[in-house]
Amino acid sequence: MNSTTQNLIEVSSASLYTPIVLVALCAAIGSSFYLSSKTGSQVKDVPSPPGASFFWGHQKIVFDASVGLVYARWFESLESSIVRIRAALWKPDILVISDPAAISYLLNKNIYNYPHSDVSRPRIERLLGRSLGWVEGDTEHKRMRQLFIPSFSNEAVRDRAQSIYGAAETLRENVAKALQNDTGEVAIDITEWMQSATLDALGRFAFDHDFVGGKSEEALEILYSWRNMASVAISPMGFYGLMLLRRFPFLNRLPIPVIQSQGNVRRTIHAGLAKNLLKRNEALLDSIDSSNEQGDLLLELTKAYRAGFIGRDELMDHVVMFTISGSETTAQGLSYALWEMAKNPDLQNRLREELNTVGTEPSYDDIQSGLPYLDAVTREVLRLHPPTPYMERNATKDDIIPLLKPFPGKDGKLNSEIFVKTGQTIIIPMHTVNRLNSVWGDGTTFRPDRWLSKLRSNFPPNELLTGGWSNIMTFSDGPRICTGYRFAVFEFKLFLATLIRSFEFIDTGVKIVDKSASTMNPLVVGREAEGPMLPIRIRAVP
């Protein structure tokens, strides 16, 4: 174990206990805020569920449950697409919205007036730096997006598809070796394998860099840093620390381990990968004609840096963001995909039969549009298991948000819009929105057939659906839709096709609860203390 990894362990161990002291201090002074921070009249009529606690409001209820379940229950029981929840530690109430008209208004028509909240934006900076996920404002956000769009266009994905094929084949070979070293069937934590493989694919595609199948020393440091952060975030101490930041934002600037340890991933990438890749690319540009040919993402960023369009720190943070966001989200999606296949062997066999109709290896066009059941499985997995479960925004000015479904006020009247004041916190729970039974009928059921064209007559009407890719919230929507979603969807399909053609995935029977640590993380019921994992048995296809 190297010194970097050891330091991460020491920091994270100490960080678990710091919030306990802070909670005690807050409890002593928190009541002084209670009356002054009550929610104003602008949201008092929005339905609110019972059961809030004095200290933690409704937020501890949400944290304790599997991701999305409590919000879904509240939307259904209150018969409303907008609910008001009590925030922890006497902060003003939070609006939780699933209404498609409101979501479209917030994300498409008015996104720059609803930036990341004052608790989520500092956390994004610690995790990913001042890159695209952090930046706010029309001008700066558009400037950054323009840096990345060419590198993640359909043309770029097609041109660099072989880099993703290479990562998929490396994954297949590694799984095959694991089976050879066992008895022909092996139980693995599929999340670790997918994290390694998607980091490998991202490195090849975006940086022209070899992470050795996600097994190089730098890859292991990055992955360990992320897993360590996730384990802390989903722990009770992680929850208490986050609630303290919501109540007292100035704590973001203090050297508190549970808070500042969130920056370990960024620091790890800055000190190693980003610095080394920048040095390599600068030398490369000195030795070649860096004219108009489109290169990979990092080469294009290095050109922009050399031309003075971006600074060194910004470039390094872009490397951090795409290293994590471009791999971790797809890894979690693939993990849940293989879990669904393991639980549904008939559907797994059906997918394998379709994949076997295209010869030894599906072509780029096969993956993109020639395999309808693969496409249906992909859409259904990403609907049911969006890797990013929610987003949190703050209103920067007074506003009126339209609603498709009016909510009943305390006076019995229906309200078709909601007036919010400056500073109002709004949560959009993408995981819940994607699964609403009021929209999908059987929204919590894994049913890929719903996406097949011959059955689309039973699809929800457009007015009930959100925008975004496939009318689901998985990649968000509007100007802040995920820049790399084309790459992510192609990678997802190719990896799934490669694995299903070669291996059988078998359910281990474990029960899973979903937790959020920036991305979705599965925990095994009864083994929660072991951290995120998803055990699946694998054997070679006969």
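The values are calculated or read from the model by the stated rules, or taken from the named source; none is laboratory data. All of these numbers come straight from a predicted model, not from anything done at the bench. Using ideal geometry, Cβ is built from the backbone for each residue, glycine included, and neighbour counts are taken over all protein chains shown.
Considering each residue of segment 181-200 in turn, none proves to be touching a Lys or Arg at 6+ places or on another chain (Cβ under 6 Å), under 27 Å from Leu297 (Cα atoms) and surrounded by 16 or more Cβ atoms within 10 Å (Cβ to Cβ). Screening Tyr305 against (1) in contact with a helix residue (DSSP H, G or I) (Cβ under 6 Å, 6 or more places away or on another chain); (2) in contact (Cβ under 8 Å) with a residue 40 or more places away in the chain; (3) not polar (S, T, N, Q) leaves a single unmet condition, (2). The set of residues in segment 407-453 that are within 27 Å of the chain's Cα centre (by Cα), in a loop (DSSP other than H, G, I, E, B), over 11 Å from Ala72 (Cβ atoms) and in contact (Cβ under 8 Å) with a residue 60 or more places away in the chain comprises Gly423, Gln424, Phe446, Arg447, Leu452.
Total residues in segment 454-468 satisfying the condition of being free of Cβ contacts under 8 Å to residues at least 40 places away in the same chain and assigned to a helix (DSSP H, G or I): the figure is 6.
Would a scan of segment 325-337 turn up a residue that is modelled with pLDDT under 95, in contact with a Cys (Cβ under 9 Å, 6 or more places away or on another chain) and not charged (D, E, K, R)? Taking every residue of segment 325-337 in turn, at least one turns out to be modelled with pLDDT under 95, in contact with a Cys (Cβ under 9 Å, 6 or more places away or on another chain) and not charged (D, E, K, R). Candidates are the residues of segment 464-475 that are surrounded by fewer than 21 Cβ atoms within 10 Å (Cβ to Cβ) and in contact with a helix residue (DSSP H, G or I) (Cβ under 7 Å, 6 or more places away or on another chain); the one that is farthest from Met520 (Cα to Cα) is Leu464.
Restricting attention to segment 168-217, the residues being within 21 Å of the chain's Cα centre (by Cα), closer than 26 Å to Arg280 by Cα and among the polar types (S, T, N, Q) number 3.
When Ile149, Ile97 are checked against the criterion of being touching a residue at least 12 places away in the same chain (Cβ under 8 Å), within 19 Å of the chain's Cα centre (by Cα) and either at negative phi or surrounded by fewer than 22 Cβ atoms within 10 Å (Cβ to Cβ) (or both), Ile97 stands alone in meeting it.
I need the full set of residues from segment 261-288 which are more than 18 Å from Thr519 (Cα to Cα) and either in contact with an Asp or Glu (Cβ under 6 Å, 6 or more places away or on another chain) or buried (at least 22 other Cβ atoms within 10 Å of the Cβ) (or both), in order please. Walk me through how you get there before you give the answer.
Start the filter on segment 261-288 by keeping residues that are more than 18 Å from Thr519 (Cα to Cα), which leaves 267-288.
If the condition is that a residue be more than 18 Å from Thr519 (Cα to Cα) and either in contact with an Asp or Glu (Cβ under 6 Å, 6 or more places away or on another chain) or buried (at least 22 other Cβ atoms within 10 Å of the Cβ) (or both), then Thr268, Ile269, Gly272, Leu273, Ala274, Leu277, Asn281 are the ones that fit.
The number of residues in segment 280-309 being over 33 Å from the mean Cα position of the chain (by Cα) and modelled with pLDDT of 85 or more comes to 0. Just one residue in the set Ser66, Ser31, Ser37 is over 18 Å from Thr425 (Cβ atoms) and either at pLDDT 90 or above or not in a helix (DSSP H, G or I) (or both); that residue is Ser66. Every residue in segment 322-378 that is within 30 Å of Leu220 (Cα to Cα), of a type in the set (Gly, Ala, Ser) and more than 18 Å from the chain's Cα centre (by Cα), please. Within segment 322-378, just Ala342 meets the criteria.
Among the residues of segment 487-542, count how many are part of a helix (DSSP H, G or I) and under 30 Å from Phe152 (Cα atoms).
So the first thing to find is which residues in segment 487-542 are part of a helix (DSSP H, G or I), and the list is 487-502, 528-530.
From what is left, the residues that are under 30 Å from Phe152 (Cα atoms) are 487-502.
Adding up the residues that qualify gives 16.
Got at least one residue in segment 482-498 being more than 30 Å from Leu147 (Cα to Cα), at pLDDT 95 or above and either over 21 Å from the mean Cα position of the chain (by Cα) or crowded, with 22+ Cβ neighbours inside 10 Å (or both)? Taking every residue of segment 482-498 in turn, at least one turns out to be more than 30 Å from Leu147 (Cα to Cα), at pLDDT 95 or above and either over 21 Å from the mean Cα position of the chain (by Cα) or crowded, with 22+ Cβ neighbours inside 10 Å (or both). I'd like the full set of residues that are surrounded by 20 or more Cβ atoms within 10 Å (Cβ to Cβ) and under 30 Å from Thr302 (Cβ atoms), limited to segment 229-260. Residue satisfying the conditions is Met229 alone.
When residues of segment 426-448 are filtered for being among the charged types (D, E, K, R) and surrounded by fewer than 20 Cβ atoms within 10 Å (Cβ to Cβ), how many remain?
Qualifying residue count for the region: 2.
Restricting attention to segment 437-480, the residues that are in contact with a Phe, Trp or Tyr (Cβ under 7 Å, 6 or more places away or on another chain) and under 16 Å from Pro389 (Cα atoms) total 3. Screening segment 295-336 for residues that are part of a helix (DSSP H, G or I) and among the small types (Gly, Ala, Ser) and picking the one that is farthest from Glu140 (Cα to Cα) gives Ser335. One residue stands out in segment 152-164 among those that are in a helix (DSSP H, G or I) and not small (Gly, Ala, Ser): the one that is surrounded by the most Cβ atoms within 10 Å (Cβ to Cβ), namely Ile164. The test for being closer than 19 Å to Glu380 by Cβ, surrounded by fewer than 23 Cβ atoms within 10 Å (Cβ to Cβ) and modelled with pLDDT of 95 or more holds for Ile512.
Residues in segment 241-254: is at least one within 30 Å of Gly509 (Cβ to Cβ), over 24 Å from the mean Cα position of the chain (by Cα) and of a type in the set (A, V, I, L, M)?
First pass over segment 241-254, keeping only residues within 30 Å of Gly509 (Cβ to Cβ): none.
No, because not a single residue in segment 241-254 is within 30 Å of Gly509 (Cβ to Cβ), over 24 Å from the mean Cα position of the chain (by Cα) and of a type in the set (A, V, I, L, M).
Could you tell me whether any residue of segment 214-236 is more than 22 Å from Pro150 (Cβ to Cβ), basic (Lys, Arg), assigned to a helix (DSSP H, G or I) and touching a residue at least 12 places away in the same chain (Cβ under 8 Å)? Looking through segment 214-236, at least one residue is more than 22 Å from Pro150 (Cβ to Cβ), basic (Lys, Arg), assigned to a helix (DSSP H, G or I) and touching a residue at least 12 places away in the same chain (Cβ under 8 Å).
Do we have Phe459 as at pLDDT below 95, among the aromatic types (Phe, Trp, Tyr) and either out of contact with any His (no Cβ under 6 Å at 6 or more places or on another chain) or surrounded by fewer than 23 Cβ atoms within 10 Å (Cβ to Cβ) (or both) here?
On the way: at pLDDT below 95: yes; among the aromatic types (Phe, Trp, Tyr): yes; either out of contact with any His (no Cβ under 6 Å at 6 or more places or on another chain) or surrounded by fewer than 23 Cβ atoms within 10 Å (Cβ to Cβ) (or both): yes.
In short, yes.
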